[in-house]
Ligand code: SF4
Ligand code: SF4
């Protein structure tokens, strides 16, 4: 009963999907992670090489961890940039998704604490929890050849978050992978970063190069992407069913939508801070944005 109440509350809070899986070691995750790390596909994300044991075993995330609740928040925008403008990934159109997801997760956690005595911890891209693998395990969808979580009938433009609890709940059944013979995402990637179906070489990925790569020695970006990249997401047929987000914080400002190359080149710190006030783009700063341009 508690599990269905938690899911109901998650949907009320605006999450598009919510599932629950057991907190435990997952061999499949461990094998994938070791393969990825051994090949050095993590580039400068050296933090991925730390806490490897915890990344494959969610039972180590908190003391006596039992359950992982995974949620997905839709950020697919209704209004989009002009295609000739330097392109930002959809997840960067509005307020930083880490903040938005965490605020909603905190509300969900508060609700759970009203239901029963429990200890837990909230995660959104900030700790050694592989959200998308737990999302798959918790029955939200499957991980496509583009390495994104795909939710049936809804697509992959979702930010994920999780709550780990020291309490057992009812667990969902993982969904089967429905990519089949499709390889549209692999073929669409302009930098051949998807070196095999479901295997991403981040050092070739525009998303990594434009956001995570802190050195000024990044490879030239392509396809007019200035922050992040949605090319393999846009290529996926399952995103044809994507519906616009209802989350106000994710909706872009007119100032953002009207940005063109000249405006960005002329931008000063004040304008940057104004347009990207609460945005994740602040992570790379004006200097990083100009480097990418
Ligand atoms: S995000 Fe862009 S660069 Fe990275 S794998 Fe997808 S299409 Fe390729
Ligand atoms: S484009 Fe095709 S292969 Fe790639 S994730 Fe979507 S369904 Fe899977």
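The values are calculated or read from the model by the stated rules, or taken from the named source; none is laboratory data. Please read these numbers as outputs of a predicted model, since none were measured by experiment. In this analysis, Cβ positions are derived from the backbone assuming ideal geometry, glycine residues included, and neighbour counts consider all displayed protein chains.
Among the residues of the stretch 67-87, is there at least one that is assigned to a helix (DSSP H, G or I), under 23 Å from residue 281 (Cα atoms) and in contact (Cβ under 8 Å) with a residue 12 or more places away in the chain?
Within the stretch 67-87 (the criterion being assigned to a helix (DSSP H, G or I), under 23 Å from residue 281 (Cα atoms) and in contact (Cβ under 8 Å) with a residue 12 or more places away in the chain), the answer is no, since none of the residues qualifies.
Which residues, taken from the stretch 15-53, are touching a strand residue (DSSP E or B) at 6+ places or on another chain (Cβ under 7 Å) and more than 19 Å from residue 134 (Cβ to Cβ)?
The one that is touching a strand residue (DSSP E or B) at 6+ places or on another chain (Cβ under 7 Å) and more than 19 Å from residue 134 (Cβ to Cβ): 41.
State all residues of the stretch 158-179 that are touching a strand residue (DSSP E or B) at 6+ places or on another chain (Cβ under 8 Å) and surrounded by fewer than 16 Cβ atoms within 10 Å (Cβ to Cβ); if no residue qualifies, say none.
Scanning the stretch 158-179 gives 168, 170, 176, 177, 178.
Residues that are closer than 21 Å to residue 6 by Cα, more than 14 Å from the chain's Cα centre (by Cα) and in contact (Cβ under 8 Å) with a residue 12 or more places away in the chain: find the strands (runs of 3 or more DSSP E) completely inside the stretch 120-207 holding 2 or more of those.
Counting at least 2 such residues, we get 120-123, 158-165.
Within the stretch 129-159, track down each residue that is away from ligand 2 (no atom under 16 Å from the Cβ) and either closer than 18 Å to residue 74 by Cα or outside the structural domain of residue 17 (by TED's automatic domain parsing) (or both).
Once the filter is applied, which keeps residues that are away from ligand 2 (no atom under 16 Å from the Cβ) and either closer than 18 Å to residue 74 by Cα or outside the structural domain of residue 17 (by TED's automatic domain parsing) (or both), the stretch 129-159 yields 131, 134, 138, 139, 159.
Here's a check for you: in the stretch 180-200, which residue that is closer than 17 Å to residue 132 by Cβ and surrounded by 19 or more Cβ atoms within 10 Å (Cβ to Cβ) is nearest to ligand 2 (Cβ to nearest atom)?
The extreme case among them is 185.
Would you mention how many residues in the stretch 49-92 are at pLDDT below 95 and closer than 21 Å to residue 240 by Cβ?
The total comes to 1.
So for the stretch 44-58 (the condition being touching a helix residue (DSSP H, G or I) at 6+ places or on another chain (Cβ under 9 Å) and more than 24 Å from residue 24 (Cα to Cα)), does at least one residue qualify?
Among the residues of the stretch 44-58, at least one is touching a helix residue (DSSP H, G or I) at 6+ places or on another chain (Cβ under 9 Å) and more than 24 Å from residue 24 (Cα to Cα), which makes the answer yes.
Is the stretch 56-66 home to any residue that is without any contact (Cβ under 8 Å) to a residue 24 or more places away in the chain and closer than 25 Å to residue 279 by Cβ?
Checked the stretch 56-66: no residue is without any contact (Cβ under 8 Å) to a residue 24 or more places away in the chain and closer than 25 Å to residue 279 by Cβ.
Do we find that residue 218 is at pLDDT below 90, closer than 18 Å to residue 149 by Cα and more than 9 Å from ligand 1 (Cβ to nearest atom) in this structure?
For residue 218, the condition - at pLDDT below 90, closer than 18 Å to residue 149 by Cα and more than 9 Å from ligand 1 (Cβ to nearest atom) - is not met.
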